Amino acid sequence: MKKFLPLLALPLLVLLVSIFMLPGQDTAGGSSTQSAGRAQTPAAEPVSNRLAQFTSLWSNAGSPGTEATNPFDQLWTRLISPADQNGAGDDTQDQLRKLMQEQPYYLKRIISLYQKEQSPQIREIIRNLLSGIRSPEVFTLSRQLASSAESEQRIMGLIMLRDLNIYPQEELQLIRLSLNNEQQAAVILQALAALKPPAVPDAPASRIDAKTTKDIISKLQSLTQNADPAVRSQSVLQLAQWDKNDSSLNYFSAALNDPVASVRQTAIFALAQSGTNADAVKQLLNGVINNAGENIAIKTSAKQVLEAMSVKQLSTLEVAEQRKTQA
């Protein structure tokens, strides 16, 4: 029995050696296996990187298009790229507008971008983009801009108001404030362009009360005497739309004698669109035609308007006569 004891101890010795060698892998084979294991197992990512990824995911939570290929980002990059300015810019704008209308998140995002953007070119692109979207968010932005202390911002706000027409009464109030308080001709011109003609009687949502109409007419009359000829021209045009009585006859007459030819030219066509008595209009136009100091172009315009009025008046008389005959 004693001679078999060394044979029994040999397996135990092998087992012990293998146990002690496993953790360290001191053999060449073990070393290569460990190296391969290290090559296949990626290094642990730093905690700061994982935190940054988590923060990014959190900030984008709930926003559409957080994947790498965001359609909004692609369209926006294409729109502001110089190459697209001579290409399919309108198509790109239409796609962006559709995307913003379908997903308001993008609309809020572009409005936020406008408020932070410093480049006039980019701001102009955004304004054109928003001009095709009639929404409360766009109206809120236009109201903020129209009330800004900076004239360029006020101009942009008035341009946006001109294109919106979703809250007629509020828009009119903002435009009136601009006309009453503004001193800069460039801003006044945009306010006049945004001022829409009075609504027809069967549109109660846009109906304007008599007092407001009277106040606007009074302001337009005063603006026909503004120092800037462009303001005088636009005021005369608007006055023809708002005053359908004879109360502005003197202002039309003064515009026909304005020292600037463009104002006189505008006054001729404005007078034809006004509600001023036809006989009074003809008298004023004949005065232009017979004015020896007037240029040929303006005289020709006066003759054309006078002829058009005569044809219209004759047609009205014929219709009236036909009605009498049929009766």
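For the stretch 65-79, does any single residue satisfy the condition of being surrounded by 12 or more Cβ atoms within 10 Å (Cβ to Cβ), among the acidic types (Asp, Glu), at pLDDT below 60 and out of contact with any Cys (no Cβ under 9 Å at 6 or more places or on another chain)? No; the residues of the stretch 65-79 include none that is surrounded by 12 or more Cβ atoms within 10 Å (Cβ to Cβ), among the acidic types (Asp, Glu), at pLDDT below 60 and out of contact with any Cys (no Cβ under 9 Å at 6 or more places or on another chain). If I filter the stretch 224-243 for residues that are open to solvent by 50 Å² or more (accessible area, probe 1.4 Å), among the β-branched types (Val, Ile, Thr) and modelled with pLDDT of 90 or more, do I get at least one hit? No - not one qualifying residue is present in the stretch 224-243. Taken over the stretch 118-146, the criterion of being open to solvent by less than 30 Å² (accessible area, probe 1.4 Å) and of a type in the set (Lys, Arg) is satisfied by Arg127 alone.
Please count how many residues of the stretch 217-228 are of a type outside the set (S, T, N, Q) and assigned to a helix (DSSP H, G or I). Residues that pass the stated criteria total 4. Looking across the stretch 229-279, the residues that are over 30 Å from the mean Cα position of the chain (by Cα), part of a helix (DSSP H, G or I) and closer than 21 Å to Lys214 by Cβ come down to Leu249, Asn250, Tyr251, Phe252, Ser253, Ala254, Ala255, Leu271, Gln273.
The values are calculated or read from the model by the stated rules, or taken from the named source; none is laboratory data. From a predicted model like this one, the values you see are computed outputs, not experimental measurements. Here Cβ is always computed from backbone atoms with ideal geometry, including for glycine, and neighbour counts include all displayed protein chains. Please note that ligands, DNA and RNA were not included when accessible areas were found on the heavy atoms of the full protein model with its side chains. Shrake-Rupley method; radii C 1.70, N 1.55, O 1.52, S 1.80 Å.
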